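This report refers to the structure that appears directly beneath it.
The values are calculated or read from the model by the stated rules, or taken from the named source; none is laboratory data. Bear in mind that the values here come from a model prediction, so they are computed numbers and not experimental data. Cβ coordinates were reconstructed from backbone atoms using ideal geometry, including for glycine residues, and neighbour counts include every protein chain displayed.
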Amino acid sequence: MRVLPACHAVLALLLASACSPDRPPGPTVTEPPTAAQTPAVEPPSPVAGITTAHFRCGDLQVGAEFDNAAGHVTLSIGTGRTRLPQAVAASGARYADTAGNEFWNKGDGATLTLDGVSHACIVTEQGSPWHEARSRGAHFRGLGTEPFWSLEVEGGPAPRLLLDLEMGERRLVVAQPTPLDQGEGFAGQADDGSEVTLRITRGDCSDGMSDERYPASIDLTVGGETYAGCGAFLQE
């Protein structure tokens, strides 16, 4: 009986097992993607078919949004908006409604007829603060004088209250204002610790410094100081 070769075979198996112990596989190393492999993030594209321009029409600052696809222009004039459908014109781009309001754009100039009054317009880089606030999505804007101050209530489910006081020398942010229990407005704490309350009352309002009328009056309290002014809801 030949036992020795069998012993040698068993010994060889034991040695092989000892030299190759079971180990868990190491982690898989993934090479980071190269610049060529990384998809580029494209910036958001502007709204197709809409062109925006600013005009000075006499004493009026006018923001114009030309919607070529829909065939109309939306004019931001002061605190309000007017939409005019495109009309037939021998030259330029003409927009008019049945009430006689008209905006006729010819190159760098235009003519605005509003409530029977005609205004010559020129293109300008400076936009109306009301139009700019509306374009940012602000829900409400207000202002006052002596000295000049302004505020904005942002839109969205968690709007901030932005205050620009003392001719821009003091700027405050109320990050989480809460709606008032009675009436329209907000209350909260500014980033400097001041308690802020804004009350809005719908109705005709004058800022006392110009002939412009506004659709709402406002009472603003910041700490121990009170401010009175006018404003408008911009998305209505």
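For the range 57-90, filtering for residues that are under 23 Å from residue 141 (Cβ atoms), among the polar types (S, T, N, Q) and in a strand (DSSP E or B) leaves 4. Just name the residue that is surrounded by the fewest Cβ atoms within 10 Å (Cβ to Cβ) out of those in the range 219-236 that are free of Cβ contacts under 8 Å to residues at least 24 places away in the same chain and not in a strand (DSSP E or B). Taking the candidates together, the pick is 224.
Scanning the range 104-119 for residues that are outside any strand (DSSP E or B) and in contact with a strand residue (DSSP E or B) (Cβ under 8 Å, 6 or more places away or on another chain) yields one hit, 108.
For the range 101-110, indicate whether the set of residues that are surrounded by 15 or more Cβ atoms within 10 Å (Cβ to Cβ) and touching a helix residue (DSSP H, G or I) at 6+ places or on another chain (Cβ under 8 Å) is non-empty. So far as the range 101-110 goes, no, none of its residues is surrounded by 15 or more Cβ atoms within 10 Å (Cβ to Cβ) and touching a helix residue (DSSP H, G or I) at 6+ places or on another chain (Cβ under 8 Å).
Confirm whether residue 216 is more than 13 Å from residue 162 (Cα to Cα), assigned to a strand (DSSP E or B) and in contact with a strand residue (DSSP E or B) (Cβ under 8 Å, 6 or more places away or on another chain). Yes; evaluated as a whole, the condition is true for this residue. Scanning the range 145-199 for residues that are out of contact with any His (no Cβ under 9 Å at 6 or more places or on another chain) and acidic (Asp, Glu) turns up 146, 164, 166, 169, 181, 184, 191, 192, 195.
Results for (1) among the hydroxyl-bearing types (Ser, Thr, Tyr); (2) at pLDDT 95 or above; (3) within 24 Å of residue 62 (Cβ to Cβ), shown as yes or no for each residue.
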residue	(1), (2), (3)
120	no, yes, yes
136	no, no, yes
143	no, yes, yes
148	no, no, yes
158	no, no, no
180	no, yes, no
192	no, yes, no
195	no, yes, no
200	no, yes, no
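Quick check, is residue 176 touching a residue at least 60 places away in the same chain (Cβ under 8 Å) and surrounded by fewer than 12 Cβ atoms within 10 Å (Cβ to Cβ)? Criteria not met by residue 176. Pick out the one residue from 164, 192, 211 that is among the acidic types (Asp, Glu), assigned by TED's automatic domain parsing to the domain that holds residue 146 and either surrounded by 19 or more Cβ atoms within 10 Å (Cβ to Cβ) or more than 26 Å from the chain's Cα centre (by Cα) (or both). So the residue among 164, 192, 211 that is among the acidic types (Asp, Glu), assigned by TED's automatic domain parsing to the domain that holds residue 146 and either surrounded by 19 or more Cβ atoms within 10 Å (Cβ to Cβ) or more than 26 Å from the chain's Cα centre (by Cα) (or both) is 211. The residue of the range 127-145 that is surrounded by the most Cβ atoms within 10 Å (Cβ to Cβ), among those that are of a type in the set (D, E, K, R) and over 18 Å from residue 198 (Cα atoms), is 134.
Let me confirm something: among 174, 153, which residue is hydrophobic (A, V, I, L, M, F, W, C), at pLDDT 95 or above and more than 23 Å from residue 75 (Cα to Cα)? Of 174, 153, the one residue that is hydrophobic (A, V, I, L, M, F, W, C), at pLDDT 95 or above and more than 23 Å from residue 75 (Cα to Cα) is 174. Residues that are among the acidic types (Asp, Glu) and either in a strand (DSSP E or B) or touching a residue at least 12 places away in the same chain (Cβ under 8 Å) (or both) within the range 160-173 comprise 164, 166, listed in sequence order.
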